[in-house]
Amino acid sequence: QLKPKVTLLATTVVITLSFILASFTTGYLLLIVFALFYSARGVINPVLKEYVNRVIGSDVRASILSLRSVSIRLLFAVIGPFFGWYTDFYSLEEAMAILGIMLTITTLFSIYVFFKASSSKKNIINLN
């Protein structure tokens with residue numbers, strides 16, 4: 001069993017790098033990249049929800065999970081048209097690479113902030 005920090009980092013790297021790999025891959029290899037992507041998503045979703053269950057009180061837990069879900073969908077609704085436009089004028093491969101780089105930077109920053117908050121003595125999150 002992997003420690004939570006390792007699980008978060010590993011799945012984040014797999015998910016974000018899948019976008020970059022998809023920009024360089026074609027044919028049947030692309031199916032393997034997407035299989036890795038969806039496998040990592042299948043691991044990270046329950047792990048994150050379990051953290052929320054441990055840390056957030058039951059009175060606001062559903063709201064937090066709903067907010068997370070809406071935030072993710074809103075983010076992709078906002079950036080999706082830009083990447084559609086970019087794909088039309090340049091290429092799908094370049095758009096996937098840019099999306100992968102942007103996701104890698106933002107998710108690694110988010111994980112850094114999350115780990116920093118979890119190491120605070122005032123915080124009740126324990127990732128060890």
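The values are calculated or read from the model by the stated rules, or taken from the named source; none is laboratory data. Treat the numbers as computed from the prediction; the structure is a model and nothing was measured. Neighbour counts are summed over all protein chains in view; Cβ atoms, including those assigned to glycine, are modelled from backbone coordinates with ideal geometry. We work out accessible area using only protein heavy atoms, side chains counted, and drop any ligands, DNA or RNA first. Shrake-Rupley method; radii C 1.70, N 1.55, O 1.52, S 1.80 Å.
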**Study point:** Residue-level accessible surface for LEU108, protein heavy atoms, 1.4 Å, Å²
**Key:** 70 Å²
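Per the helix-only calculation at 222 nm, which mean residue ellipticity applies to the chain, given -39500 (n - 2.57) for every DSSP H run of n ≥ 4 and division by its residues, nearest 500 deg cm²/dmol?
Working: 4 runs with 106 residues, N = 128.
Value at 222 nm, helices only, nearest 500: -29500 deg cm²/dmol.
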Revision key, fill the gap. Computed over the chain: longest principal axis from alpha-carbon atoms vs helix 4-24 long axis, angle to nearest 10 degrees, is 10 degrees
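Relative to the present Cα-Cα distance, how much length would full extension add between VAL55 and LYS3 at 0.36 nm per residue of separation?
Numbers: separation 52, 0.36 × 52 = 18.72 nm, distance 1.69 nm.
Residue separation times 0.36 nm, minus the Cα-Cα distance, leaves 17.0 nm.
Taking Cα pairs under 8 Å and at least six residues apart, what relative contact order does the chain come out at, in percent? All intermediate terms of the calculation are to be shown ahead of the outcome.
Details: 87 pairs, mean separation 52.8, N = 128.
Relative contact order of the chain: 41 percent.
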Study note, to complete from the structure: For SER39, the accessible surface traced by a 1.4 Å probe with all protein chains present amounts, in square angstrom to the nearest 10, to 70 Å²
Check your understanding: Quick one: with all protein chains in place, what share of the accessible area of the range 1-86 is carbon or sulfur, to the nearest percent (1.4 Å probe)?
Key -> 72 percent
Revision key, fill the gap. Computed from the beta carbon distance with a Förster radius of 35 Å, FRET efficiency for PHE115 and ILE79 to the nearest 0.05 stands at 0.90
